[in-house]
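Read through the structure below, which is laid out as structure tokens, and then see the notes.
The values are calculated or read from the model by the stated rules, or taken from the named source; none is laboratory data. What you are looking at is a predicted structure, and each value in this text was computed from that prediction instead of being measured. A quick note on method: Cβ atoms are made from the backbone with ideal geometry, for glycine too, and the neighbour counts reach across all protein chains shown. Just so you know, the surface numbers come from the protein's heavy atoms only, side chains and all, with ligands and any DNA or RNA stripped out. Shrake-Rupley method; radii C 1.70, N 1.55, O 1.52, S 1.80 Å.
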Amino acid sequence: MLKIIGTGRAIPDFIADNAFFEKIVDTTDDWIVSRTGIKTRHIMTEGGLTELAAAAAQNALDNANLEPADLDLIICSTLQGDYITPSLACCVKSKIKADCPAFDINAACAGFIYSLNVAAGLIKSQIYNNILIISAERLSKIVDYTDRSTCVLFGDGAGAAVVSKGDCLRYINIGTKEGIELLNALSGLPENCFTKKREQGFLYMNGPEIFKFATQTVLSEINEVNRRLNVKPDDIQWFLLHQANGRIIETVRKSLKQPQEKFPENYSRFGNTSAASIPMLMDEVNRDNKFKKGDLLFLSAFGGGLTMGSCVIEWDK
Amino acid sequence: MEISEKIISLLSQHKDIPTEKISESSTMADLGMDSLDYVELIMQAEDEFGITLKADSSMTTVGDFIEMVKGAAK
């Protein structure tokens, strides 16, 4: 149905290291690193998410050797753009001077894979050929920087991919599971003649239950890939997992008995960047020229909803 | 293998501690476990005994955990 023809990423300049968090909450570098593996995260302190998403988009277009005018569609996955309306995708379209339909989806941390699934269907419809997918998140807007259990986990960032007609998507599966109460952030309400003011809520997460959901989801998906494609973990060259927490990734890796080099990571430098984490990671490995033509990539993500998404894609660049 | 023996065996493998150093009165702190180690133990027990446990439950001692697993396995 599709193949990836370009990747890109954009990262905010401000770096919040663990020493920064030692000053604002009761925590230590040792505790953060041993529990999560995170050492730094990048935070937006100026500008809007549109600029970050557009930078990732242009990066991906350059990698694909395409101009904005070549795009048939832009899909952005994000928890929240700069505006309630227009969508982040429309803002990016305007910024990069594309001329095509554009819309957002919100599937939390599984947003990139949800977007791939949507793009695959639309390419199969033969109405669209070149689709730009951007996953961009400004999680710092919804993080409570007085809550030591969550504030150290998240960072801001944007990842992008240009996809086009091809036959590289070997498997894709998206889904949901009950668990609204396990991971959420309540939206705000204005004060007006119909509603009382409600402040926007901060991100809440039941860490143990999400850890369990994440680990069991990824392992279950690997079994499903084996069942449907007869592809075993040994046959997969790259495991690009949602970069939520180093302990989740290590638990999966040990369970699959696979070597570390198959599990690239960026959580130690960027924290959990929600839907942006996988495309950012994919771009990093791509720019390091580590992917080989024919390599099988297993992508898997999980997030608020609860949402999950996994796919196996063959690298064709 | 009895449930208690199996759980002690799982703990021994997970934390690389000889089984003879783990008893039902051992606490999480005694075994150097943090809350994520505990969730991993829960997942292993679920796989081993075909049960479902709440990941945000808590274990004071290994004996408490064994009783929780026995309760879920009934």
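For the reader, a short list of remarks on this structure follows.
- Residue in the range A:264-285 that is farther than 26 Å from A:Ala55 by Cα, open to solvent by 40 Å² or more (accessible area, probe 1.4 Å) and not in a loop (DSSP other than H, G, I, E, B) present: no
- Matching residues, the range A:216-238, being polar (S, T, N, Q) and either away from every other protein chain (no Cβ under 14 Å) or farther than 22 Å from A:Pro279 by Cβ (or both): A:Gln216, A:Ser220, A:Asn223, A:Asn226, A:Asn230, A:Gln237
- Taking the criterion of being touching a strand residue (DSSP E or B) at 6+ places or on another chain (Cβ under 9 Å) and either at pLDDT below 90 or of a type in the set (A, V, I, L, M) (or both), the residues of the range B:37-74 that qualify are B:Met59, B:Thr60, B:Val62.
- Criterion: more than 10 Å from chain A (Cβ to nearest Cβ) and in contact with an Asp or Glu (Cβ under 7 Å, 6 or more places away or on another chain) - qualifying residue of B:Gly71, B:Gly63: B:Gly63
- Criterion applied to A:Asp144, A:Asp82 was being within 19 Å of A:Leu203 (Cβ to Cβ), part of a loop (DSSP other than H, G, I, E, B) and touching a residue at least 40 places away in the same chain (Cβ under 8 Å), and the one residue passing it is A:Asp144.
- Scope the range A:158-185; condition of a type outside the set (Gly, Ala, Ser), over 30 Å from A:Glu199 (Cα atoms) and in a loop (DSSP other than H, G, I, E, B); matching residues: A:Asp167, A:Cys168
- Complete set of residues in the range A:105-129 that are crowded, with 24+ Cβ neighbours inside 10 Å and either not in a helix (DSSP H, G or I) or not small (Gly, Ala, Ser) (or both): A:Ala107, A:Cys109, A:Phe112, A:Ile113, A:Tyr114, A:Leu116
- Test: residue in the range B:9-26 that is in contact with a His (Cβ under 8 Å, 6 or more places away or on another chain) and either of a type outside the set (Ser, Thr, Tyr) or within 17 Å of A:Glu209 (Cβ to Cβ) (or both): no
- Lone unmet requirement of (1) surrounded by fewer than 18 Cβ atoms within 10 Å (Cβ to Cβ); (2) more than 14 Å from chain B (Cβ to nearest Cβ) for A:Phe291: (1)
- Residues of the range B:32-44 that are farther than 16 Å from A:Ser34 by Cα and either touching a Ser or Thr at 6+ places or on another chain (Cβ under 7 Å) or of a type outside the set (Val, Ile, Thr) (or both): B:Leu41, B:Met43, B:Gln44.
- A:Leu183 fulfils the conditions (1) touching a residue at least 60 places away in the same chain (Cβ under 8 Å); (2) away from chain B (no Cβ under 14 Å) except for a single criterion, (2).
- Enumeration of residues in the range A:18-34 that are within 23 Å of the chain's Cα centre (by Cα) and within 14 Å of A:Phe154 (Cβ to Cβ): A:Asn18, A:Ile32
- Look at the range B:1-24: where a residue is over 22 Å from B:Gly71 (Cβ atoms) and free of Cβ contacts under 8 Å to residues at least 24 places away in the same chain, no partner that is part of a helix (DSSP H, G or I) and of a type in the set (Phe, Trp, Tyr) sits 6+ places away or on another chain with Cβ atoms under 9 Å.
- In the set A:Gly175, A:Gly201, A:Gly157, A:Gly188, only one residue is buried (at least 16 other Cβ atoms within 10 Å of the Cβ) and either more than 14 Å from chain B (Cβ to nearest Cβ) or touching a helix residue (DSSP H, G or I) at 6+ places or on another chain (Cβ under 9 Å) (or both); that residue is A:Gly157.
- For the range B:9-30, the criterion of being open to solvent by 60 Å² or more (accessible area, probe 1.4 Å), β-branched (Val, Ile, Thr) and either over 16 Å from A:Thr251 (Cα atoms) or within 11 Å of the chain's Cα centre (by Cα) (or both) is met by at least one residue.
- Residue ID - farthest from the other protein chains (Cβ to nearest Cβ), chosen from residues in the range B:1-42 that are of a type in the set (D, E, K, R) and assigned to a loop (DSSP other than H, G, I, E, B): B:Glu2
- Tallying residues that are touching a Lys or Arg at 6+ places or on another chain (Cβ under 7 Å) and within 17 Å of A:Asn206 (Cα to Cα) within the range B:43-74 yields 2.
- Among residues of the range A:130-152 being open to solvent by 10 Å² or more (accessible area, probe 1.4 Å) and in contact with an Asp or Glu (Cβ under 7 Å, 6 or more places away or on another chain), the one that is modelled with the lowest pLDDT is A:Arg148.
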